[in-house]
Amino acid sequence: MKIQPLGDRVLIEPEKEGEVKKGGIIIPDSAKEKPMQGKVIAAGPGKRDDAGKLIPMNVKKGDRVLLPKYGGTEVKIDEIEYQIVREDDILGIVEG
């Protein structure tokens, strides 16, 4: 299944955290914090200003981005969990 976000929305695959922390303690899924980084899978064309001119997106497919701890909409496609967020909600692009 292919999804193309609309407007200034971005489809992100959150990075998975390891299950074992320092000291060998296994953390159950229910106690894990939400990932704060993810990979852009698809991005919409951008939003329009008051005059109707298209403002292009700052992120593109393949970018690694920082996400807020809470926000966006979680969706599950082909057994993979994604988040759809507005570009304004992305905190930054991770380089390197």
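Note down all Cβ pairs under 6 Å where the first residue falls in region 50-64 and is within 15 Å of residue 9 (Cα to Cα), the second is surrounded by 12 or more Cβ atoms within 10 Å (Cβ to Cβ) and of a type in the set (Lys, Arg), and they're at least six residues apart or on different chains.
Pairs found: 54/48; 55/47.
For the subset of region 50-72 comprising residues that are touching a Gly at 6+ places or on another chain (Cβ under 7 Å) and part of a loop (DSSP other than H, G, I, E, B), which member is farthest from residue 95 (Cα to Cα)?
56
So which residues in region 1-22 are of a type in the set (Lys, Arg) and modelled with pLDDT under 85? Let's see the steps before the verdict.
The first filter runs over region 1-22 and keeps only residues of a type in the set (Lys, Arg), leaving 2, 9, 16, 21-22.
Residues satisfying the conditions are 2, 16, 21, 22.
Out of (1) exposed (fewer than 15 other Cβ atoms within 10 Å of the Cβ); (2) at pLDDT 95 or above, the odd one out for residue 96 is which?
Among (1) exposed (fewer than 15 other Cβ atoms within 10 Å of the Cβ); (2) at pLDDT 95 or above, the lone unmet condition for residue 96 is (2).
Could you list all residues from region 38-96 that are among the acidic types (Asp, Glu) and under 13 Å from the mean Cα position of the chain (by Cα)? Break it down into steps so the answer makes sense when it comes.
As a first pass, look at region 38-96 and keep what is among the acidic types (Asp, Glu): 49-50, 63, 74, 78-79, 81, 87-89, 95.
The answer is 63, 74, 81, 87, 88, 89.
Condition first: aliphatic (A, V, I, L, M) and within 19 Å of residue 2 (Cα to Cα). Now tell me which residues in region 60-96 satisfy that. Break it down stepwise before answering.
Taking region 60-96 and keeping what is aliphatic (A, V, I, L, M), we get 65-67, 75, 77, 80, 84-85, 90-91, 93-94.
Scanning region 60-96 gives 75, 77, 80, 84, 85.
The values are calculated or read from the model by the stated rules, or taken from the named source; none is laboratory data. Being a predicted model, the structure only gives us computed values, none of them experimental. Cβ coordinates were reconstructed from backbone atoms using ideal geometry, including for glycine residues, and neighbour counts include every protein chain displayed.
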